[in-house]
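The values are calculated or read from the model by the stated rules, or taken from the named source; none is laboratory data. Keep in mind that what you see is a predicted model, and the values were worked out from it rather than measured. Don't worry about glycine lacking a Cβ; one is built from the backbone with ideal geometry, like all the others, and counts go over all protein chains shown.
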Amino acid sequence: MEYVSTRGSAPVLDFEGVTLAGLASDGGLYLPREWPSFTEHQIREMRGLAYWEVAVEVMTPFVGDSLTRSELIDICQQVYCGEFSHAAVTPLVQMDETHWLLELFHGPTLAFKDVALQLLGRLFETFLERRGQNLTIVGATSGDTGSAAINAVAGRERSEIFMLHPAGRVSEVQRRQMTTVRAPNVHNLAIEGNFDDAQRHVKRMFGDGEVNSVLNLGAVNSINWARLMAQVVYYFYAALQLGAPDRKVAFSVPTGNFGDVFAGYVAARMGLPVERLIVATNVNDILHRALANGDYSAGDLVPTATPSMDIQVSSNFERLLFDVGGREGAAMAAQMRGFDKDRAMRLTNAQREGAAALFVSQRADGEQMARAMQWACENAGQVIDPHTAIGLSAARDALAADLIDPATPIVTLATAHAAKFPDAVERAIGVRPALPQRVGDLFGREEKFASISGDYEAARSFVLDHASANAG
Ligand SMILES: *Cc1c(COP(=O)(O)O)cnc(C)c1O
């Protein structure tokens, strides 16, 4: 399988290449040159398969020659038969006649990001071993990505990780999930400033010639194609249980960087009968405005009880715009240059119509979020996290607005365990969710992190001074 950049001028790479590269060298994002697809018959044949088996089937065309079948099987078994606390990996829970929850939080750090990052950690090791290289992962996190990435990389031979988080701006559970991991290849940096400051340092490091001359840098955020590929699997797995390919299913996805919901789009392109993808946003609603009226413009960031959805710009949206807009790299590059300059752009007609064929969007504020948590608790006995509640609110609103056929099951992606955000849950329903046993005594363990001032030089010298890996 060949991968091309959304901006048209980066080299074409294979799966191994895109996994290790993360971002394309022209600033774009990698996508498969064409979408592989399954026939109805092939999809029907996947019914009854275990999660890891569906994973092998769905990933095979994307992986191409970069892994042998037995290597892929081995990795999928290690991840999906070992790292998740539920035998079904991503179990479905019914809430009423129409609404279902797809629980994606049974991994080690209690958010859906484990599903892909546990796989990515093993892909890195396999490819680095083969190349005889080491990788220095540098990332910024507003919470969930950091802990999931650290957990996926801790103790591995050939990768080492530096994770920047904005000091005092991640929840205590999120921070402890990062800072209590005591492997020597894990480095936590608490940066003065906000998430955007941390993110800016990371981007700058990727463009820093001196850093790159001594370190082989790798990325773990959702611009990495391998993460999206891993997320396509649970759309298939859930839809198969609800009657695919003979019945359509709709999905409601709490959305931030547009990675998770884009994986649903990929599933649809591969032949899965998806009736609608509901893009659920909080009040930071750039995606809702873009899908509703073509206005993609960054606003002021409003901090909410759903920090993983507090974004101004959704990186992966570029992948959709490229794909539905005719796959013209030069035009895409020009459109994004305009956006970088003005922090705003209009979608083209082709982009709007292409997106509208599958996507609808709904926005939910804090009150609507709380009401969805109450509804889930009272009607289905489910204690859900704030992000999931935005998704459920959007699902119910989309149904009420006649955007979804009432006979179609609607699956809301439950992206985090409620215990990750106990304060917001307690405020809404009066119940304080307990941490599951498997995370152990998170509050009894010693923390280790470096406090760094807000300037780039401080972060950069910390990484250079503490990196043990080198480009070798
Ligand atoms: C990351 C995250 C999201 C947003 O996912 P995207 O792929 O960025 O759209 C939603 N909910 C939770 C709990 C998350 O951690």
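What's the number of the only condition in (1) over 17 Å from VAL360 (Cβ atoms); (2) away from the ligand (no atom under 16 Å from the Cβ); (3) in contact with a Leu (Cβ under 7 Å, 6 or more places away or on another chain); (4) among the β-branched types (Val, Ile, Thr) that ILE429 fails to meet?
(3)
Let me confirm something: among SER222, SER213, SER252, which residue is of a type in the set (Ser, Thr, Tyr) and farther than 23 Å from GLU103 by Cβ?
After applying the criteria, what remains is SER213.
Working only within segment 96-117, note down all residues that are surrounded by 20 or more Cβ atoms within 10 Å (Cβ to Cβ) and more than 16 Å from the ligand (Cβ to nearest atom).
Once the filter is applied, which keeps residues that are surrounded by 20 or more Cβ atoms within 10 Å (Cβ to Cβ) and more than 16 Å from the ligand (Cβ to nearest atom), segment 96-117 yields HIS99, TRP100.
Could you tell me whether any residue of segment 135-142 is in contact (Cβ under 8 Å) with a residue 40 or more places away in the chain, surrounded by 21 or more Cβ atoms within 10 Å (Cβ to Cβ) and at positive phi?
Looking for residues that are in contact (Cβ under 8 Å) with a residue 40 or more places away in the chain, surrounded by 21 or more Cβ atoms within 10 Å (Cβ to Cβ) and at positive phi, one finds none in segment 135-142, hence no.
Would you say THR179 is touching a strand residue (DSSP E or B) at 6+ places or on another chain (Cβ under 9 Å), among the β-branched types (Val, Ile, Thr) and within 14 Å of the ligand (Cβ to nearest atom)?
Against the criterion (touching a strand residue (DSSP E or B) at 6+ places or on another chain (Cβ under 9 Å), among the β-branched types (Val, Ile, Thr) and within 14 Å of the ligand (Cβ to nearest atom)), THR179 does not qualify.
Of the numbered conditions (1) in contact with a strand residue (DSSP E or B) (Cβ under 8 Å, 6 or more places away or on another chain); (2) crowded, with 22+ Cβ neighbours inside 10 Å; (3) of a type outside the set (Val, Ile, Thr), GLU318 satisfies every one except a single condition; which is it?
(1)
Do any strands (runs of 3 or more DSSP E) lying entirely in segment 293-410 carry at least 1 residues that are touching a residue at least 60 places away in the same chain (Cβ under 8 Å), and which ones are they?
The strands (runs of 3 or more DSSP E) meeting that bar are 359-363.
I want to confirm something. Restricting to segment 1-18 and keeping residues that are among the acidic types (Asp, Glu) and assigned to a loop (DSSP other than H, G, I, E, B), which single residue is farthest from ARG319 (Cα to Cα)?
Across segment 1-18, the extreme among qualifying residues is ASP14.
Tally up the residues in segment 1-44 that are among the aliphatic types (A, V, I, L, M), in contact with a Pro (Cβ under 6 Å, 6 or more places away or on another chain) and surrounded by fewer than 14 Cβ atoms within 10 Å (Cβ to Cβ), please.
Residues meeting the conditions: 0.
Among the residues of segment 211-270 satisfying the criterion of being among the β-branched types (Val, Ile, Thr), within 13 Å of the ligand (Cβ to nearest atom) and at pLDDT 95 or above, which is surrounded by the fewest Cβ atoms within 10 Å (Cβ to Cβ)?
VAL266
In segment 156-176, how many are buried (at least 24 other Cβ atoms within 10 Å of the Cβ) and of a type in the set (Lys, Arg)?
Selection size over segment 156-176: 0.
May I ask you to verify whether ARG371 is in contact with a His (Cβ under 9 Å, 6 or more places away or on another chain) and under 19 Å from ALA424 (Cβ atoms)?
Criteria not met by ARG371.
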